[in-house]
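The values are calculated or read from the model by the stated rules, or taken from the named source; none is laboratory data. If you're wondering where the values come from, they're calculated on a predicted model, not measured in any experiment. Cβ placement follows ideal geometry from the backbone for every residue including glycine, while neighbour counts extend to all protein chains displayed.
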């Protein structure tokens, strides 16, 4: 009986707890990329390898139930094959978190990484080793795993994701001597891995982290209880970003956060007063002037 009971506990523990990410992975190639049947098989295997790496790696010391896993999507789009076994293109990364007492999921992070090049061979095994650069694909995937965790934890508690942003920043540091794009501060584009995590760690961007927490925990999670009050809290949270936006116009972290919320806010303000609608539209235009026309739709 004792053996059976112990076996039950082991099985129950296995069933009850899971890794942190519930990531859906796609790997596609542009129509212009000529793929042999072998190439197609390798891309299919790449998809499975990336899926298993993200979902089976233990990224934190915390225990997650199946229901608590962070829902995310990652799409690798291959645009060129510079040489045999080397792939170049983009990665689109998106994560979300649920609203309390609701089946609704809110987008927390949505980023298009335009600078990816990595070697990949059949039967490649991806293994993350802290404080070590093994290969570019592993480092890119681990970076986004930790960045997703940082954003998610920040949304549930003030600066709750700090240790995961530190880990992501360490991955950047380890990769800087690799020669691959996306890891350096002096690249032409500021929309790279170096800057999105460096910005988060700067004191200037503390209002963004405060906004992440207050928007979700004091706003999104209160929608079921009191929609009007939740809307006010979400507005006040976003208003914290004005100081940052004034100091760093068109900053990628600010625009990413605001754009991720654009459809959500349009739906949320559907039954708001005209004054409320004008207030939120004017605020969003300050934060992301390039996409002013998108936010104007809230008034329609």
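Odds and ends about this structure:
- Taken over the stretch 128-146, residues that are out of contact with any helix residue (DSSP H, G or I) (no Cβ under 6 Å at 6 or more places or on another chain), in contact (Cβ under 8 Å) with a residue 60 or more places away in the chain and not in a helix (DSSP H, G or I) amount to 0.
- The helices (runs of 4 or more DSSP H) found wholly in the stretch 254-300 include none carrying at least 3 residues that are modelled with pLDDT of 95 or more and touching a strand residue (DSSP E or B) at 6+ places or on another chain (Cβ under 7 Å).
- Residue count for the stretch 216-239, restricted to those that are farther than 17 Å from residue 273 by Cα, touching a helix residue (DSSP H, G or I) at 6+ places or on another chain (Cβ under 6 Å) and not in a helix (DSSP H, G or I): 0.
- For residue 31, the criteria (1) at pLDDT below 95; (2) outside any strand (DSSP E or B); (3) in contact with a strand residue (DSSP E or B) (Cβ under 9 Å, 6 or more places away or on another chain); (4) loosely packed, with under 14 Cβ neighbours inside 10 Å hold in every case but one, which is (3).
- Residue that is out of contact with any helix residue (DSSP H, G or I) (no Cβ under 8 Å at 6 or more places or on another chain), modelled with pLDDT of 90 or more and not in a helix (DSSP H, G or I), where the choices are 40, 58: 58
- Of everything listed in (1) surrounded by fewer than 15 Cβ atoms within 10 Å (Cβ to Cβ); (2) assigned to a strand (DSSP E or B); (3) more than 15 Å from the chain's Cα centre (by Cα), the single unmet condition for residue 112 is (3).
- Candidate set from the stretch 236-245 (those that are surrounded by fewer than 19 Cβ atoms within 10 Å (Cβ to Cβ) and touching a residue at least 24 places away in the same chain (Cβ under 8 Å)); member that is nearest to residue 147 (Cα to Cα): 240
- Residue selected from the stretch 95-109 under the condition in a strand (DSSP E or B) and free of Cβ contacts under 8 Å to residues at least 40 places away in the same chain, by the criterion surrounded by the most Cβ atoms within 10 Å (Cβ to Cβ): 96
- Filtered residue count, the stretch 279-294, keeping only those that are surrounded by 15 or more Cβ atoms within 10 Å (Cβ to Cβ) and either in contact (Cβ under 8 Å) with a residue 40 or more places away in the chain or closer than 17 Å to residue 236 by Cα (or both): 9
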